[in-house]
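Working notes, structure below.
The values are calculated or read from the model by the stated rules, or taken from the named source; none is laboratory data. As the structure is a computational prediction, the values presented were derived from the model and not from experiment. Note: ideal-geometry Cβ built from the backbone for every residue, glycine included; neighbour counts use all protein chains shown.
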Amino acid sequence: MELRSACRVLLFPLQMLYHIVSATVSALLPSRRKDLTKEVVLITGGGRGIGRHLAKEFAKQGAKKIILWGRTEKCLKETAEEITLSGTECHYFLCDVANREEVYKQAKVVREKVGDVSVLVNNAAVVHGKSLMDSDDDALLKSQHINTMGQFWTTKAFLPRMLELQHGHVVCINSILSQSPIPGAIDYCTSKASSLAFMESLTLGLLDCPGVGCTTVLPFHTNTEMFQGMRVRFPQLFPPLRPEVVAERTVDAVRADKAFLYLPWTMHALIFLKSFMPQVALEEIHKFSGSYTCMNTFKGRT
């Protein structure tokens, strides 16, 4: 037994090297993409912003059915009509993911009226853009309930059937702010960090579950209504992402079974630097990039 353990310890570095080389080669070479023609996709916060573009992109890539969840019927209806006109079956349901009982109730309605969900996209989120002391207590709770706990309820509602069928995918639209927070959005950064931990744990927990995968998307500032008014100091160096690009890359990551997607790819460098640089150096980076003041002109919606 001791000899076997010693061999495993000696082989471990070689295994790590193999996986690193394999992942690098896979990233450089075109890989086979999953077919989406049999997938039933549910998108929370699907009425506008990134959610709306995700619905359009999944439909474009051939998804069988699209289901939209959200709190604003007007936006949901408009998006559903647009998707239907493109030739893809689309349904919408009013659902606040922060409300656990409402999530479970609507999940049952979806199964009865549309069928089993095979791709769950947790996209719904809110941001208030205020400092801790300026934030209303109820607003802080709302951010945590929607951005973090909502994922618990939706995943618990749909994952069991995916595991039973050995077919499914859970997607989270997170944010690079989960790993590199900024002042002035403490509620959002905290909730996204919790959301990232949830997805990392879920991804590892599903390693032994055939046919069921996860994708976590961590985009830089995206030019949507939710972050309207947010400014960066050097927009030429760090231009905001277009929501349609985030949607396109997300769907491609799902088709490629990619676990984590950073947008743009330069965000990898940010995380690498943060792993070893002293706090004072990180503070200088924030000052240089203007993250201390980027929320001063924030006008986004909640």
Report yes if some residue within the range 109-121 is polar (S, T, N, Q) and within 21 Å of the chain's Cα centre (by Cα); otherwise report no. yes
Just the residues that are surrounded by 20 or more Cβ atoms within 10 Å (Cβ to Cβ) and among the acidic types (Asp, Glu), please, taken from the range 182-209. 187
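Can you pull out the residues in the range 161-209 that are closer than 25 Å to residue 104 by Cβ and either free of Cβ contacts under 8 Å to residues at least 12 places away in the same chain or part of a loop (DSSP other than H, G, I, E, B) (or both)?
164, 166, 167, 174, 197, 201, 205, 206, 209
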Go through the range 26-52 and give me each residue that's at pLDDT 80 or above, of a type in the set (S, T, N, Q) and over 19 Å from residue 79 (Cα atoms). 37
Consider the range 260-302. How many of its residues are at pLDDT below 75, part of a loop (DSSP other than H, G, I, E, B) and closer than 27 Å to residue 49 by Cα? 13
Looking at 165, 141, 177, 159, can you tell me which residue is out of contact with any Leu (no Cβ under 8 Å at 6 or more places or on another chain), aliphatic (A, V, I, L, M) and crowded, with 18+ Cβ neighbours inside 10 Å? 177
Candidate set: the range 72-97, residues that are hydrophobic (A, V, I, L, M, F, W, C) and assigned to a loop (DSSP other than H, G, I, E, B); chosen: the one surrounded by the most Cβ atoms within 10 Å (Cβ to Cβ): 97
Here is a check on your reading of the model: is residue 112 closer than 25 Å to residue 35 by Cβ and out of contact with any Leu (no Cβ under 8 Å at 6 or more places or on another chain)? no
For residue 68, state whether it is surrounded by fewer than 18 Cβ atoms within 10 Å (Cβ to Cβ) and touching a residue at least 12 places away in the same chain (Cβ under 8 Å). no
Unique match (being at pLDDT 95 or above and not polar (S, T, N, Q)) among 132, 120, 140: 120
